[in-house]
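> I'd like to ask you about the structure that follows.
Read-outs: derived from the displayed coordinates by stated rules, not from any lab. From a predicted model like this one, the values you see are computed outputs, not experimental measurements. Please note: Cβ atoms are built from the backbone with ideal geometry, for glycine as well, and neighbour counts cover all protein chains shown.
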Amino acid sequence: MPDEKKVDPFKPQQPTIPGVSPSDGKPKPEAPPPAEFSVAPQQKASPPIKFIAIAGGSALVIFVCVLFWVRSSLPKPAAAPADTASASAAPAVAPRPAASLLTGPGPIATAEDLSKSWSAKRFLFRNALTGQTEPAMVVRLPRGELWGFSLLEPFGNCELEFVTDLDKIRTDYRYKADHPMVVDPCNHTVYDLLRYGGGAANDELVRGVIVQGTGIRPPMAIEIRAEGKDIVAVREE
C-alpha cells in the first residue's frame, strides 16, 4: 500500500492550481527599498565656522572705526609755546609814543627848530570856523621868511606832504623841481612855496602856486610870527 502523505494538522495544505507550480505559490521575501529612498538618521546642524569668523571680523572693524572717530572728535589741547620760560622772562617792548605836536594858536616851534633853510616843523592848528584841529606845517624859506600853511587839502580831505627829495618829485609827480615842494598825493598836484598864487579872495595872493596837477588853489595859509625864541601861529586865512 503506497505511503500516504502525512498531513500536518497545524499547517493547512495549499490548494493545487492548474498551471501554477507549487513553488510559485510560496511568498517571496520583500526586497529592500532602493538606496535612494533610504533615510539616514537625522544629525544636528552646526553653525558654519566661516560665517562666525566673518561676523567677528566685521564687528572688530566697526569697533576700531568708532574708537578712531571718538578720539579724533575730542578737542585737542592748545600747543604750548616752544620756549615759555624764555618768553615770559623777556620784557615786553612798549610801543614808542608818538611825538606830541604843539597846537596853535600859540607857540608851535622854537627858532632853533627852524634855523636852516627848508627846515620844517609840523604842528596842529584849531580852525576858528569849524573848531576842528587840523595838521599844519611851518617852513623856513631860503630868504629867511617863515611860511605856515594847513596840510589839509583845500576843499578836500587829503593830507598834503612837504617833499625835499627832488627825485621823488620827478618820478612820482612828473615835475622837475630844483627845490623842495608841497605835493598832494591824492591828485598829484605840486605846489611851489617860492611863488604866489590866487588865494580865497580874488585880489589875494598866497604862497604855493600850483605848478603841476589839477588842484583848485594854494594851501590855506597860516600867519606865523617870531616872538623871541618862540615861533607862534596866529591865525588861518
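> If we count every other residue with Cβ under 9 angstrom of Pro135's Cβ, Lys/Arg +1 and Asp/Glu -1, where does the sum land?
-1
> Still on this structure, I have one more. May I ask you to list the trypsin sites (Lys or Arg not before Pro) in the stretch 123-214 that are in a DSSP loop and have at most 11 other Cβ atoms within 10 Å of their Cβ? The partial results should precede the final answer.
Values: sites: Arg126, Arg140, Arg143, Lys168, Arg170, Arg174, Lys176, Arg195, Arg207; in loops: Arg143, Arg174, Lys176.
Passing sites in the stretch 123-214 are Arg143, Arg174, Lys176.
> Tally Lys and Arg at +1 and Asp and Glu at -1 over the other residues with C-beta under 13 Å from the C-beta of Ile231: what net charge comes out?
The answer is -1.
> A further question follows. How much net charge surrounds Asp113 when only the other residues with a Cβ under 11 Å from the Cβ of Asp113 are counted, with Lys and Arg +1 and Asp and Glu -1?
Within the 11 Å Cβ shell, the charges total +3.
> Could you list log10 I(q)/I(0) for the stretch 154-219 at q = 0.15, 0.21, 0.24, 0.28 Å⁻¹, which the Debye formula gives when each Cα is one point scatterer?
Treating every Cα as an identical point scatterer, log10 I(q)/I(0) equals -0.42, -0.79, -1.00, -1.28.
> Something else now. For a quick check: sort Ile216, Ile108 by the number of other beta carbons within 10 angstrom, fewest at the front.
Ile216, Ile108
> Shifting gears a bit: Bin width 5 Å, alpha-carbon pairs only: give the P(r) of the stretch 102-157 as whole percents, running from 0 to the bin holding the largest distance.
Distribution as computed: 4, 19, 28, 21, 15, 9, 3 percent.
> What is the order of Thr164, Thr189, Thr214, fewest Cβ neighbours within 10 Å to most? All intermediate terms of the calculation are to be shown ahead of the outcome.
Values: Thr164 12, Thr189 23, Thr214 9.
Least crowded to most crowded, the residues run Thr214, Thr164, Thr189.
> Going by how many other Cβ atoms sit within 10 Å of their own, how do Leu151, Leu141 line up, fewest first?
Going from least to most buried by this count: Leu141, Leu151.
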